[in-house]
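S.K.: Input: one structure, supplied below.
The values are calculated or read from the model by the stated rules, or taken from the named source; none is laboratory data. None of these values were measured; they are calculated from a predicted model. Note that we place each Cβ from the backbone using ideal geometry, even for glycine, and neighbour counts take in every protein chain shown.
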Amino acid sequence: MLTVTTFLSSPESVGVWNLVPERSSIRFENKTMWGAMKVRGDFTEFSGGGEIQDARTVSGRLEVKAASVHTGLGKRDEDLRSLADRRAQVVRESIIDGEHVPAERVFLMAPIHHHFELQAWSETKIILRFWIVAAACAAIAFTVYRLSIRG
């Protein structure tokens, strides 16, 4: 196996390179639950390429479709893909007539509690605010119900 330094300094490696997904893989490993468990997975949809000009001038790009994640656990994969879809909604922007037009959104992310997380609210603060709103809605609903019984 070649080292990166050997590969980059070789004259044969100079040129444009394209990633071949059928012969490549993108795998990851992440420790969870305080390091007690490891989650391993891979991405199945990706593309990319690069250019080597000399041993010191290397450039490239790699595009990975986050929703193509596969960890082997169906429910976790479904949740990760769902989160990837929601994150993709946030980063979509438009270019119209060469001008950057930011996407117009009321909330930065769905479901709504993620919007508040992106606003740097703590999880405790979000939960307490939602409880307060839920209690207020329940009080209003109970009042309307009691008034409708009397009437």
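S.K.: Quick check on residue 16: is it farther than 23 Å from residue 114 by Cα and in contact with a strand residue (DSSP E or B) (Cβ under 7 Å, 6 or more places away or on another chain)? Even if it seems obvious, please write down each step before you answer.
M.R.: On the way: farther than 23 Å from residue 114 by Cα: yes; in contact with a strand residue (DSSP E or B) (Cβ under 7 Å, 6 or more places away or on another chain): yes.
Taking the combined requirement at face value, the residue satisfies it.
S.K.: Please work out if residue 142 is at pLDDT 80 or above, out of contact with any helix residue (DSSP H, G or I) (no Cβ under 7 Å at 6 or more places or on another chain) and farther than 30 Å from residue 4 by Cα. First the steps, then the outcome.
M.R.: Working: at pLDDT 80 or above: yes; out of contact with any helix residue (DSSP H, G or I) (no Cβ under 7 Å at 6 or more places or on another chain): yes; farther than 30 Å from residue 4 by Cα: yes.
Spelling it out, residue 142 is indeed at pLDDT 80 or above, out of contact with any helix residue (DSSP H, G or I) (no Cβ under 7 Å at 6 or more places or on another chain) and farther than 30 Å from residue 4 by Cα.
S.K.: Scan segment 53-72 and tell me whether some residue there is part of a helix (DSSP H, G or I) and modelled with pLDDT of 85 or more.
M.R.: In the first step, residues of segment 53-72 are kept if they are part of a helix (DSSP H, G or I); the result is 66-68.
Remaining after also requiring modelled with pLDDT of 85 or more: 68.
There is at least one residue in segment 53-72 that is part of a helix (DSSP H, G or I) and modelled with pLDDT of 85 or more.
S.K.: Does at least one position in segment 24-31 carry a residue that is within 27 Å of residue 6 (Cβ to Cβ), modelled with pLDDT of 80 or more and outside any strand (DSSP E or B)?
M.R.: Restricting attention to segment 24-31, the residues satisfying the condition of being within 27 Å of residue 6 (Cβ to Cβ) are 24-29.
Then drop every residue that is not modelled with pLDDT of 80 or more, which leaves 24-29.
Subsequent filtering for residues that are outside any strand (DSSP E or B) retains 24-25.
Yes: segment 24-31 contains one or more residues that are within 27 Å of residue 6 (Cβ to Cβ), modelled with pLDDT of 80 or more and outside any strand (DSSP E or B).
S.K.: Does residue 88 count as within 28 Å of residue 63 (Cα to Cα), at pLDDT below 90, assigned to a helix (DSSP H, G or I) and in contact with a helix residue (DSSP H, G or I) (Cβ under 6 Å, 6 or more places away or on another chain)? First the steps, then the outcome.
M.R.: Working: within 28 Å of residue 63 (Cα to Cα): yes; at pLDDT below 90: yes; assigned to a helix (DSSP H, G or I): yes; in contact with a helix residue (DSSP H, G or I) (Cβ under 6 Å, 6 or more places away or on another chain): no.
So residue 88 fails the test.
S.K.: For residues in segment 1-29 being without any contact (Cβ under 8 Å) to a residue 40 or more places away in the chain and surrounded by 12 or more Cβ atoms within 10 Å (Cβ to Cβ), which is farthest from residue 69 (Cα to Cα)?
M.R.: Here the answer is 10.
S.K.: Can you pull out every residue in segment 34-44 that is closer than 17 Å to residue 72 by Cβ and either assigned to a loop (DSSP other than H, G, I, E, B) or hydrophobic (A, V, I, L, M, F, W, C) (or both)?
M.R.: Keep residues of segment 34-44 that are closer than 17 Å to residue 72 by Cβ, which gives 37-44.
If the condition is that a residue be closer than 17 Å to residue 72 by Cβ and either assigned to a loop (DSSP other than H, G, I, E, B) or hydrophobic (A, V, I, L, M, F, W, C) (or both), then 37, 39, 43, 44 are the ones that fit.
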